[in-house]
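Trainee: This is the structure I want to talk about, given as C-alpha cells.
Where a number appears in this text, it was derived from the coordinates with a stated rule and is not lab data. Since the structure is predicted, the reported quantities are computational estimates derived from the model, not experimental observations. Please note: Cβ atoms are built from the backbone with ideal geometry, for glycine as well, and neighbour counts cover all protein chains shown.
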Amino acid sequence: MTTTNAEKPGISKYPRLFAPLDIGPARLKNRAVMGSMHTGLEEQENGFERLAVYYAERARGGVGMIVTGGISPNAEGGMGSKLSNSGEVAQHRLITEAVHAADASVKICMQILHAGPLANPAPVAPSPVKSRIARETPRELDEAGIEKQLSDFANCARLAIEAGYDGVEIISSAGYLLSAFLVEKTNRRTDSWGGSFENRMRFPVEVMRRVREAVGDEFIVIFRVPAMDMLEGGMSWEEVVTLTKRVEKEGASIINCHFTWHEARIPTIATMVPRAAFTSVTERLRKEIGLPIIASNRINMPDVAEDVLARGAADLVAMARPMLADAELVNKAAEGREDEINTCIACNQACLDHTFSGKPTSCMVNPRACRETLITFETARAPKSIAVVGAGPAGLAYATVAAERGHRVTLFDSAPEIGGQFNLAKRIPGKEEFSETIRYYARMIEVLGIDLRLNTKASAELLKAGGFDEIVVAAGIVPRVPDIEGIDHPKVVGYVDVITGSRSVGKSVAIMGAGGIGFDVAELVTHAGPSASLNIDVFAKEWGIDFKNHPRGGVTGVEPVVTAADRTVYLMQRKTSRLGRSLGRTTGWTHRITLTRRGVKMIQGVEYKKIDDQGLHVVFEGEPRILDVETVIICAGQEPLRTLSDDLAKYGISASLIGGAYEAVELDAKTAIDQATRMAAAV
C-alpha cells in the first residue's frame with residue numbers, strides 16, 4: 001500500500017515546512033531548500049557526472065528546491081567552472097536532467113557567482129582594494145569592463161534556461177563582486193558606480209534587471225542579499241532594506257539572506273553558533289518586502305526549520321550542509337523518522353575546510369557526500385558475521401554501514417555507552433552538537449538490528465569463541481604520557497579526567513599540548529556562564545553583534561564582551577609554529593580569538609623539564625622558567641593500543657584496525673569515519 005503525504009506523521013507535525021509555495025507559475029512542494037554550496041566537483045574530471053548523482057540523491061531525499069554551487073558567468077569570475085557559451089550547456093544538462101528524473105517536482109536553480117576581488121587569478125573589482133584573504137590586488141573595472149560583466153550575467157542566465165535549470169540565484173554578498181560594489185570600504189569610485197549608496201548599489205540592481213530581462217517573467221530568479229555583512233563600516237540596515245526593495249522592483253522572485261563576508265572575523269556557521277542564530281534579521285527584513293524570503297545558517301533539523309517558519313521569520317529555509325550530512329533529511333522528517341537523521345554538527349572539517357583548501361567537499365559524519373559514485377553501499381552477496389570492537393566514531397560507522405549492507409554485526413564496547421571520544425567532545429562548550437551524532441548512531445543500531453554489547457571487554461578468547469568471519473578493532477587509544485620528571489606528581493591530571501569532571505582544576509593551570517584536545521580543554525577551563533552555542537544573546541555579546549539595532553554590518557562600534565572563568569591559563573606546545581595551526585581552517589581562528597580574549601597565554605617552542613611542588617619547569621625563549629601553577633593538564637596526544645590485535649595474532653586470527661587503533665597521532669574523527677565507511681562498504 002502506498003502512503004500518501006497526508007498519512008505521513010511528519011507532515012502534520014511540521015505543517016509549515018511541508019506547505020507548498022507558489023513562486024509565479026512555479027510551485028515548490030515544500031519550504032525546504034538545499035542551499036548553495038560549492039563542492040569542488042565542478043572542477044574535477046567527470047565532476048558534472050558526479051554532481052548529477054549527488055544532486056539527484058538530494059532530490060529523491062525530499063527537498064523542494066536545490067541551489068547549486070557557484071558557477072561563474074565568465075572566465076574572470078574565478079569559480080573554476082563557468083557557463084558562458086553554448087558549448088558548456090551539455091555538462092549542466094547532466095545535472096538538471098538527473099534532478100528532474102529523480103523527482104520532476106523539485107526545482108533546481110543555478111547560482112551565478114562572480115568572485116570579483118576574491119577570484120584567482122586576475123581578480124576584478126570596483127576599486128583596486130585587496131581583500132585580507134585574497135592573493136592579489138584586483139584590477140579596477142572601467143566602464144567597458146562593467147558593461148561586459150553585466151552582459152555576461154545576462155548571458156549566463158539565458159544559458160541556464162537552455163541547460164534546463166528552473167531558475168538562477170544571484171549572490172551579492174560574502175565579499176564577491178556585487179558586494180564589493182555595495183560597501184564603501186571596497187568601492188572607492190567617484191563616478192556613477194560609487195559614492196552614494198544609490199550609486200554603489202547600481203551594479204547589483206542592474207545585474208538583477210539585466211537577468212530578469214534576459215530570462216522572461218516565468219523563470220525563478222533568487223537574489224541573495226547581504227542581510228548583515230559583519231563588517232566594520234559595512235552596510236547599514238537602511239541600505240539593506242533599500243537594496244532589497246530595489247531588486248524586488250526589478251523582478252526578483254525570492255530573496256535569500258546571507259550573513260558575513262569571508263574576511264569578517266565573526267563565526268556564522270561553526271558549531272559554536274546557535275541554531276537559527278540570524279533569523280531575527282530575516283524576520284525583520286521579511287516585514288519590509290512582499291517577496292518570499294529564505295532564512296539560512298545553522299538550521300539543521302526539521303523542528304528548527306518549523307519554528308523559523310512558525311515565527312514568521314521566513315517563508316523558506318535553506319539547509320546546505322545538513323543535506324551533505326543526510327540526503328534523506330526531508331523524507332525522514334515527513335515520515336516521522338527525525339531520530340534517524342544524520343545531523344550536521346557544523347564541524348566544517350570535511351566541507352568548508354576542504355573547500356577553502358582546494359579539496360572536493362564531503363562530510364565528516366557522511367563520507368559518501370559528493371562521493372556517491374565512489375562509495376556505494378551495495379547489498380552484500382555473501383553476508384558475514386562481523387565483530388566490531390569499539391563503539392567510538394570509527395566503530396559506529398563501520399558497524400552501521402556493514403549492517404546496512406546485510407552483514408550480521410556484533411558491536412562490543414567496555415564502556416556503558418556508545419560514542420567513544422565524542423562523549424568527551426559533547427562536553428566542551430560550543431560542541432554540544434556532537435551529541436547528535438551519538439543519538440543518530442544509537443538509533444541506527446536499533447533500526448539495523450546490530451547486536452550491541454556494552455560493558456563488555458572483548459578479549460581474544462571471547463572473539464575466538466564467537467566464530468566471527470571478520471573482526472574489526474576500533475578500540476585502542478591511550479593518552480600519551482610525556483616522559484618527563486614528575487609526570488606522576490599530584491598536580492598532574494589527564495585531559496579525560498578534566499573533561500569528565502572526575503578531577504578538579506585549580507586557579508592556575510598549565511596545559512601541555514596545543515592540538516585540538518588542548519584547545520578544547522582550554523575552552524572548558526576558561527568558560528563561565530551559559531554556552532554561547534546554546535544562547536543567542538550570549539553569542540552576540542561575545543562576538544560583538546547587535547541584532548537589535550543593526551549598526552553598520554551589525555558590528556560597527558560594538559565591543560565583544562567575554563565572560564571568563566577566574567583562572568590563569570597557559571596553553572603550550574613544543575613546536576615553534578603558531579598555536580592552532582593544526583586546527584580547522586574555517587574554525588581554528590575562532591578558537592584562537594576566543595581564548596585570547598579570555599586571557600589565555602599561548603606559548604610555543606616550549607621545552608618541558610619537570611613538574612614538582614613549585615610548578616611546571618620549562619624553557620622557552622632560551623630562558624628557564626617556573627610556572628607556578630596548581631594544575632598541569634596533559635594533552636599530549638594519543639597512542640594506539642594494539643593489545644587486542646596482538647592477542648588475536650597469538651591465536652592466528654587476523655583483525656582489521658580502524659580509527660585510533662590504526663593510527664592515533666592526533667584524534668581525527670573525519671579520517672576515522674571515512675576509513676571505517678570505505679572498509680565497511682568493501683567487506
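Trainee: Taking Cα centroids, how far is segment 593-666 from segment 519-586 in Å?
Mentor: 24 Å
Trainee: Right, next: Name the residue from 475, 496, 448 whose Cα lies farthest towards the positive end of the charge dipole of segment 446-503, charges +1 on Cβ of Lys and Arg and -1 on Cβ of Asp and Glu.
Mentor: Going by the charge dipole, the pick is 496.
Trainee: Here's a follow-up. Provide the per-residue ³J(HN,Hα) series for segment 191-199, in order, calculated from phi with Karplus coefficients 6.51, -1.76, 1.60 and θ = phi - 60°, each as a whole number of Hz, with x at glycine and proline positions.
Mentor: Residue by residue, segment 191-199 yields 8, 6, 9, x, x, 5, 5, 4, 6 Hz.
Trainee: Could you run the Karplus curve 6.51 cos²θ - 1.76 cosθ + 1.60 with θ = phi - 60° over segment 373-390 and give me ³J(HN,Hα) per residue in whole Hz, x for Gly and Pro?
Mentor: 8, 9, 10, 10, 9, 6, 4, 5, 6, 10, x, 10, 9, 10, 9, 10, 9, x
Trainee: While we're here: So who's got an amide H within less than 5 Å of the one on residue 335, skipping anything under 5 residues away but keeping other chains? H placed 1.01 Å off N, in plane.
Mentor: Correct list: 10.
Trainee: What angle do you read, to the nearest 10 degrees and between 0 and 90, between the alpha-carbon axis of helix 516-526 and the longest principal axis of the chain?
Mentor: 90 degrees
Trainee: Karplus couplings for segment 630-644 from phi (6.51 cos²θ - 1.76 cosθ + 1.60, θ = phi - 60°), rounded to Hz, Gly and Pro as x?
Mentor: So the Karplus estimates, Gly and Pro as x, are 7, 9, 10, 9, 8, 10, 9, x, 9, 10, x, 9, 9, 4, 5 Hz.
Trainee: Against the longest principal axis of the chain, how steep is helix 143-162, in degrees 0 to 90 to the nearest 10, with axes from Cα atoms?
Mentor: 80 degrees
Trainee: Could you grab the relative contact order for segment 1-117? Cα pairs under 8 Å, six or more apart, rounded to a whole percent. Could you put the intermediate results ahead of the total?
Mentor: Values: 186 pairs, mean separation 30.5, N = 117.
For segment 1-117, the relative contact order is 26 percent.
Trainee: Specify which residue in the list 538, 15, 90 is farthest towards the positive end of the charge dipole of the chain, using unit charges on the beta carbon of Lys, Arg (+1) and Asp, Glu (-1), about the Cα centre.
Mentor: Of the options given, the answer is 538.
Trainee: So, one more: Once the other residues with Cβ under 12 Å from the Cβ of residue 653 are scored (Lys, Arg +1; Asp, Glu -1), what is the net sum?
Mentor: Local charge sum for residue 653: -3.
Trainee: Please order 428, 11 by the number of other Cβ within 10 Å, starting at the fewest. Display every interim value, and only then the final one.
Mentor: On the way: 428 22, 11 19.
The most exposed by this proxy come first: 11, 428.
Trainee: Can you list the residues, at least 5 places off or on another chain, whose amide H is less than 5 Å from the amide H of residue 527, using H built in the peptide plane?
Mentor: Amide H neighbours of residue 527: 565.
Trainee: Using Cα pairs closer than 8 Å and at least 6 residues apart in sequence, work out the relative contact order for the chain, in percent.
Mentor: Here the relative contact order equals 12 percent.
Trainee: Kindly state, to the nearest 0.05, the FRET efficiency for residue 136 paired with residue 184, given R0 = 22 Å and r defined as their beta-carbon distance. Working shown, then result.
Mentor: Values: r = 22 Å, r/R0 = 0.98.
Given R0 = 22 Å and the Cβ-Cβ separation, E is 0.55.
Trainee: What does the charge dipole of the chain about its Cα centre add up to, to the nearest 20 debye, if the Cβ of each Lys and Arg holds +1 and the Cβ of each Asp and Glu holds -1?
Mentor: It comes to approximately 400 debye.
Trainee: Using +1 at the C-beta of Lys and Arg and -1 at the C-beta of Asp and Glu, which of 28, 561, 305 has the Cα lying farthest in the positive direction of the dipole of the chain?
Mentor: It is 561.
Trainee: Using only Cα atoms, find the angle between the long axis of helix 393-404 and the longest principal axis of the chain, and express it within 0 to 90 degrees, rounded to the nearest 10.
Mentor: It works out to around 70 degrees.
Trainee: A follow-up question, please. Considering only Cα-Cα distances, which of the following residue pairs are longer than 29 Å: 359/457; 29/148; 507/575; 287/359; 130/548; 464/670?
Mentor: 359/457; 29/148; 287/359; 130/548; 464/670
Trainee: Under a point spin-label approximation (7 Å from Cα along Cα-to-Cβ), what is the residue 381-residue 310 distance to one decimal in nm?
Mentor: Each label point is offset 7 Å from its Cα along the Cβ direction, giving 5.1 nm.
Trainee: Further question on the same structure: In what order do 651, 176 fall by count of nearby beta-carbon atoms within 10 Å, going from fewest to most?
Mentor: Taking fewest neighbouring Cβ atoms as first place, the list is 651, 176.
Trainee: Dipole of segment 1-91, Cα-centred, from +1 at each Lys and Arg C-beta and -1 at each Asp and Glu C-beta, to the nearest 20 debye?
Mentor: 680 debye
Trainee: What ranking of 601, 464 emerges when the number of other C-beta atoms within 10 Å of each C-beta is taken as an exposure proxy, fewest first?
Mentor: 601, 464
Trainee: Still on this structure, please answer the following. Ranked highest first by average number of other Cβ atoms within 10 Å, how do 159-171, 608-620 line up?
Mentor: Order by mean packing, descending: 159-171, 608-620.
Trainee: Quick one: which residues, 5 or more positions from residue 602 or on another chain, have an amide H under 5 Å from its amide H? H modelled 1.01 Å from N in the peptide plane, none for Pro or chain starts.
Mentor: Under 5 Å from the amide H of residue 602 lie the amide H atoms of 571, each far enough along the sequence or on another chain.
Trainee: Once you have a ≥ b ≥ c as the square roots of the Cα gyration tensor eigenvalues for the chain, tell me rounded if a/c is under 1.5, and otherwise prolate or oblate according to whether a/b is larger than b/c.
Mentor: Oblate, because a/c is 1.5 or more while a/b does not exceed b/c.
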